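This report concerns only the one structure given below.
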Amino acid sequence: MSSIRIAVREMAEYLYQSGDLSADNFQNVSLLEGTRAHQYVQHQYLKSDQAEVPVLFSMPYQQHEIIISGRIDGILNRDNESVIHEIKSTRKSIFNDEFTPQQEHIAQLKFYLYMMAKNENLDMIWGRLTYVQLSDYQMRHFDEIYTVDALEAFFNESIEIYLKWLIKLYHHHEIKMQSLSDMVFPFDSYRRGQKEMMAAVYRTMKDKDILYTIAPTGIGKTMAALFSSLKAIELPEQKIFYLTAKTEGKKIALESLDMLHEGTLKTKTLELTSKDSICFLEKRECDPNICPYAKGFFDRLKDASEDIFEHETLMTRSIIEQYAKKHMVCPFEYSLYVSYFADVIICDYNYVFDPRAHLIRYFETNDYHPMLLIDEAHNMISRSRDMFSASLKKSDLIALRKAGSKLKPTIRNAVNRAIQSFDLYQFKLSELPFITFDVPNEELLNNLSTLLKKIDRPLKDNPSYSRKSEVFDGYFLILAMLKMSERFGPNYKFNIEVEDDDIKISLRCLDASKFIKETIDQSCYGAVFFSATLQPLNYYKTLITQGVGETMVIKSPFNPNHLKLLIDPTISTRYQDRMDSIDQIVQRIYDVIEAKKGNYIVFFPSYQYLDMVKDRMIDIDADLIIQTRDMSFFLRDQIMERFSTSHNRTLLAMFVMGGMFSEGIDYLGNMLHGVIIIGVGLPMINEENEQLKNYYQETFNQGFQYAYQYPGMNKVIQAVGRVIRSHDDYGFALLIDDRFNQSYYKNLFPIEWKTYERLTHKKSLKGILKTFFSFFGK
């Protein structure tokens with residue numbers, strides 16, 4: 001007889017969640033907050049009371065043994081009677097006349113009551129459901145006495161319905177595991193380095209370890225990472241999270257899994273899309289009175305989930321949207337619930353690491369075993385700092401005051417006190433537009449904490465307030481500040497600055513490696529960070545996982561002779577030399593255009609430098625494409641179409657390093673013949689980057705390298721990497737700056753850049769390029 005295990009809470013939520021989806025659902029009671037509220041109640045228990053009592057109940061069902069388990073919050077001794085106690089924390093007003101216990105909470109308590117009654121041979125049993133109001137820890141109790149007969153009817157009916165769903169999940173797991181055993185690599189041969197990467201990824205997942213891999217373009221790293229991780233799956237609780245910051249990265253991962261599904265693989269794959277991007281409304285309004293997809297969301301969720309499970313394997317954004325419209329449910333929240341039965345989840349980094357957005361069910365409990373594949377991992381250092389930082393502007397508070405002006409009781413005075421905390425810095429900021437401290441302003445944080453509590457009550461008392469969503473916008477900004485203040489330490493700075501005539505206060509994280517490593521250590525069953533540009537590896541290891549992790553370097557599978565690497569050390573692009581460099585750069589561009597008709601990109605370190613060179617280019621024999629600030633992705637796609645279309649004239653694009661055109665895009669075949677890199681890509685010298693430099697110097701004795709040199713060279717390597725994207729591609733990269741000729745920078749060159757040619761005043765760039773292209777018959 002096979003066993004089927006059921007978790008009480010999951011069964012209660014699946015069967016009995018009901019009602020609308022609203023902003024109240026997004027206030028995100030974290031596991032830590034819930035635990036604190038539980039402990040507050042349990043600390044008031046009598047000596048005869050018990051806390052956190054595990055309960056187990058088994059019963060036969062057809063050919064299965066059903067094992068139902070859970071953990072009762074408390075068993076109280078009152079008047080010589082045992083009271084089964086269930087505790088729930090909430091941000092809602094529990095003393096509002098409209099407040100009623102949630103059906104899934106009542107169901108969870110009734111399940112526990114029945115299990116205890118059967119285990120103890122009781123005819124009647126007393127249950128208590130307690131709600132704790134997080135704003136002030138006030139409590140409200142709901143007591144009920146049940147007969148075992150009444151509970152049994154409810155229990156059996158629930159089990160009957162839930163098992164139909166659960167058996168489908170078990171059946172899927174059995175088919176999945178057999179398909180994983182039968183799964184074969186979808187290509188006849190391995191690319192150079194691919195098999196070695198697969199072996200390393202497999203070992204990492206089996207050992208629950210951390211791996212950093214320099215995986216060049218062309219080795220098939222996406223398929224290697226996914227195939228080997230899938231082979232490492234042993235348990236139903238294991239899920240693969242494929243993390244990528246780019247749409248193109250998602251696309252390649254989905255295509256790889258689709259290819260495996262065409263073979264023997266039988267898994268469920270889900271693509272998560274951001275809430276704002278996938279929302280069906282023109283302007284996102286998570287208010288059931290406005291959004292029809294939020295109204296009655298939980299009433300339709302179960303049918304919507306079962307429908308997509310029955311009929312789909314690759315649940316892309318378009319598939320999620322299709323089923324969300326069919327069942328009239330919010331597509332974003334729907335996709336999060338679908339993730340419960342997904343085996344592979346493709347999403348952005350923040351769903352795993354950002355404390356404000358991560359999926360609590362996977363990364364704050366031990367119910368699941370996530371396996372992480374982090375693509376384009378060179379982005380993780382800056383992204384992780386952002387995830388653990390928070391900021392608030394004075395204008396945010398003014399907007400909050402306006403949006404909440406008609407709330408009763410009023411929040412106006414509390415908002416004004418918070419604004420006054422900003423105004424205290426007005427005079428100092430008039431003299432110095434950027435101020436920083438090693439510790440946050442406690443008075444400001446106290447005022448924000450008070451304001452948050454003041455907002456809680458009127459929102460609970462006025463659930464239909466017309467500008468509720470706008471108030472919540474301010475609420476969540478304040479909540480983020482307070483959450484980050486709990487993490488504040490030596491790796492943070494408290495910054496106040498003027499930004500567009502506004503005062504902005506930030507809790508800025510300078511190093512998030514401690515938090516990233518904690519997530520991996522506490523929640524994950526292996527993590528692989530991979531990218532073509534992780535040089536130097538120790539830099540990334542140090543600032544992502546505190547130096548912990550194995551490393552491997554894979555050589556590029558492409559012929560190194562297909563890339564003509566040129567260094568021009570005769571030009572300085574340092575800030576003080578830029579005016580003198582413009583005419584020389586323009587001449588280099590003319591030399592390239594005259595050498596061969598083709599498609600070329602010039603990458604600049606800034607828009608300002610780009611404009612300086614562009615304005616000096618007169619009567620150029622080429623069609624120009626100029627990247628502008630805030631260029632839309634729609635316009636980017638149109639520009640990419642121009643690269644893929646044949647032209648009678650040379651196409652010259654002028655882009656900014658580190659932008660949307662310099663990474664995550666494939667310029668295949670004749671789309672690109674060469675790139676010119678202007679400068680070593682150093683980030684702008686400003687107050688924030690100087691903070692990083694000082695912190696890195698004090699902590700790692702690597703201030704300039706960590707804050708400026710390594711991030712700059714990563715942008716350079718990414719830009720050069722656009723030239724060769726397949727075995728048939730060929731082209732050149734011209735690095736313009738005398739620093740590229742220094743060992744300080746040459747030591748950071750990828751192993752594929754061993755052979756390069758240095759330009760001198762006597763050498764003709766035009767002649768060198770003509771000779772190079774002649775080798776390819778061009």
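The values are calculated or read from the model by the stated rules, or taken from the named source; none is laboratory data. As the structure is a computational prediction, the values presented were derived from the model and not from experiment. Because the Cβ atoms are built from the backbone with ideal geometry, glycine has one as well, and the counts that use them run over all protein chains shown. The protein model used for the area step is the full one, side chains on, heavy atoms only, and it has no ligands, DNA or RNA in it. Shrake-Rupley method; radii C 1.70, N 1.55, O 1.52, S 1.80 Å.
Annotations for the structure displayed:
- Qualifying residue in the range 377-387 (condition: modelled with pLDDT under 95, open to solvent by 10 Å² or more (accessible area, probe 1.4 Å), among the hydroxyl-bearing types (S, T, Y) and more than 30 Å from R300 (Cα to Cα)): no
- Residue check for I435: part of a strand (DSSP E or B) and either of a type in the set (A, V, I, L, M, F, W, C) or modelled with pLDDT of 90 or more (or both): yes
- If you go through the range 149-166 and keep only what is surrounded by fewer than 17 Cβ atoms within 10 Å (Cβ to Cβ) and over 41 Å from the mean Cα position of the chain (by Cα), you end up with D149, A150, E152, A153.
Every residue, every condition in (1) open to solvent by less than 20 Å² (accessible area, probe 1.4 Å); (2) modelled with pLDDT of 95 or more; (3) more than 18 Å from I455 (Cα to Cα), yes or no:
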position	(1), (2), (3)
V344	yes, yes, yes
A357	no, no, yes
L400	yes, yes, no
P409	no, no, no
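- So Y349, is it open to solvent by less than 30 Å² (accessible area, probe 1.4 Å) and over 29 Å from S531 (Cβ atoms): no
- Residue count for the range 433-447, restricted to those that are farther than 21 Å from E499 by Cα and hydroxyl-bearing (S, T, Y): 0
- The number of residues in the range 292-309 being under 24 Å from I167 (Cα atoms) and in contact with a helix residue (DSSP H, G or I) (Cβ under 8 Å, 6 or more places away or on another chain) comes to 10.
- Residues that are assigned to a helix (DSSP H, G or I), touching a residue at least 24 places away in the same chain (Cβ under 8 Å) and of a type in the set (V, I, T) within the range 746-774 comprise I751, I768, listed in sequence order.
- Subset of the range 484-499 [open to solvent by 30 Å² or more (accessible area, probe 1.4 Å), in a strand (DSSP E or B) and closer than 15 Å to Q691 by Cα]: K493
- Members of the range 209-236 found to be within 21 Å of the chain's Cα centre (by Cα), over 17 Å from A253 (Cβ atoms) and open to solvent by 20 Å² or more (accessible area, probe 1.4 Å), listed by number: D209
- The range 126-140, subset over 30 Å from L482 (Cβ atoms) and open to solvent by 10 Å² or more (accessible area, probe 1.4 Å), residue nearest to the chain's Cα centre (by Cα): R128
- Here the condition is being under 29 Å from the mean Cα position of the chain (by Cα) and in contact (Cβ under 8 Å) with a residue 60 or more places away in the chain; of P433, P440, it holds for P440 alone.
- Within the range 480-503, residues that are more than 18 Å from R385 (Cβ to Cβ) sit with their Cβ atoms under 7 Å from residues that are of a type in the set (K, R), at 6+ positions apart or across chains, in these pairs: D502/K393; D502/K394; I503/K393; I503/K394.
- In the range 512-538, the residues that are within 17 Å of R385 (Cβ to Cβ) form Cβ pairs under 6 Å with partners that are in a loop (DSSP other than H, G, I, E, B), at six or more places apart or across chains, as follows: A512/F388; S513/Q546; F515/F388; K517/Q546.
- Unique residue being closer than 29 Å to D97 by Cα, open to solvent by 10 Å² or more (accessible area, probe 1.4 Å) and under 24 Å from the mean Cα position of the chain (by Cα) when the list is D456, D511, D461, D473: D473
- I240 being modelled with pLDDT of 95 or more, out of contact with any Phe, Trp or Tyr (no Cβ under 7 Å at 6 or more places or on another chain) and buried (at least 18 other Cβ atoms within 10 Å of the Cβ): yes
- Residues in the range 392-423 that are of a type outside the set (S, T, N, Q) and assigned to a loop (DSSP other than H, G, I, E, B): G404, K406, L407, K408, P409, I411.
- Every test in (1) of a type in the set (V, I, T); (2) open to solvent by 30 Å² or more (accessible area, probe 1.4 Å); (3) not in a helix (DSSP H, G or I) is passed by T699 save one, and that test is (3).
- Qualifying residue in the range 216-231 (condition: in contact with a Cys (Cβ under 7 Å, 6 or more places away or on another chain) and either part of a helix (DSSP H, G or I) or at pLDDT 95 or above (or both)): no
- Flag for F427 being free of Cβ contacts under 8 Å to residues at least 12 places away in the same chain and either open to solvent by less than 90 Å² (accessible area, probe 1.4 Å) or not in a loop (DSSP other than H, G, I, E, B) (or both): yes
- Just one of the numbered conditions (1) modelled with pLDDT under 95; (2) surrounded by 19 or more Cβ atoms within 10 Å (Cβ to Cβ) is not true of M713: (1).
- Selection within the range 522-552 - part of a helix (DSSP H, G or I), farther than 30 Å from Q697 by Cβ and open to solvent by less than 20 Å² (accessible area, probe 1.4 Å): S523
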